[in-house]
Amino acid sequence: MDKKEAEKVKLRKQLQAYADSKDFILNPNEKALDGIITALLRNREFKGDIYCPCRIVTGNKEKDKEIVCPCVFHRGEIELQGKCKCTLFFAKK
């Protein structure tokens, strides 16, 4: 397993643990989930943190803390829509 694949596996485990602790599930579509995790890692590589891939990084570190995954918006979105905006987390049915 190469370094990037190992990073994906590690982040997926962390996200799964978080989802389990909040009674959410990760996106059941494996291809979509892989794309979201890849985007999170790309944001970490190029923007400095695992910023939500569906939100705009402003460059203001204080403001951008809100969009580090899991972002401050995800719980409300899941409550209202059954999933967060980037479709990483879903409500259990």
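Looking for something open to solvent by less than 80 Å² (accessible area, probe 1.4 Å) and under 10 Å from the mean Cα position of the chain (by Cα) - is there at least one such residue anywhere in the stretch 56-66?
No, the stretch 56-66 contains no residue that is open to solvent by less than 80 Å² (accessible area, probe 1.4 Å) and under 10 Å from the mean Cα position of the chain (by Cα).
Report every pair of residues separated by at least 6 positions or lying on different chains whose Cβ atoms are under 8 Å apart, first residue within the stretch 19-45 and over 11 Å from Phe90 (Cβ atoms) and open to solvent by less than 80 Å² (accessible area, probe 1.4 Å), second among the aliphatic types (A, V, I, L, M) and in a helix (DSSP H, G or I).
Matching pairs, first to second residue: Ile37/Leu11; Ile37/Leu15; Leu40/Leu11; Leu41/Leu11.
Is it true that Pro53 is buried (at least 18 other Cβ atoms within 10 Å of the Cβ), on the phi < 0 side of the Ramachandran plot, within 13 Å of the chain's Cα centre (by Cα) and in contact (Cβ under 8 Å) with a residue 40 or more places away in the chain?
So Pro53 does not fit the description; no.
I want to confirm something. Restricting to the stretch 5-17 and keeping residues that are of a type outside the set (Gly, Ala, Ser) and open to solvent by less than 50 Å² (accessible area, probe 1.4 Å), which single residue is farthest from Gly82 (Cα to Cα)?
That would be Lys8.
What are the residue pairs meeting all of these: first residue in the stretch 78-93, first residue farther than 15 Å from Lys22 by Cβ and in contact (Cβ under 8 Å) with a residue 60 or more places away in the chain, second residue in a helix (DSSP H, G or I) and open to solvent by 30 Å² or more (accessible area, probe 1.4 Å), Cβ atoms under 9 Å, and 6 or more apart or on different chains?
Partner pairs satisfying both residue conditions: Thr87/Ala32.
So how many residues does the stretch 74-93 have that are open to solvent by 80 Å² or more (accessible area, probe 1.4 Å) and among the hydrophobic types (A, V, I, L, M, F, W, C)?
1
Regarding Asp64, is this residue at pLDDT 95 or above, under 15 Å from Glu7 (Cβ atoms) and of a type in the set (D, E, K, R)?
No; evaluated as a whole, the condition is false for this residue.
The values are calculated or read from the model by the stated rules, or taken from the named source; none is laboratory data. What you see is a predicted model; the values in this text were computed from it and never measured. All Cβ positions, glycine included, derive from the backbone under ideal geometry; neighbour counts span all protein chains shown. These accessible areas exclude ligands, DNA and RNA; they are computed on the full protein's heavy atoms, side chains included. Shrake-Rupley method; radii C 1.70, N 1.55, O 1.52, S 1.80 Å.
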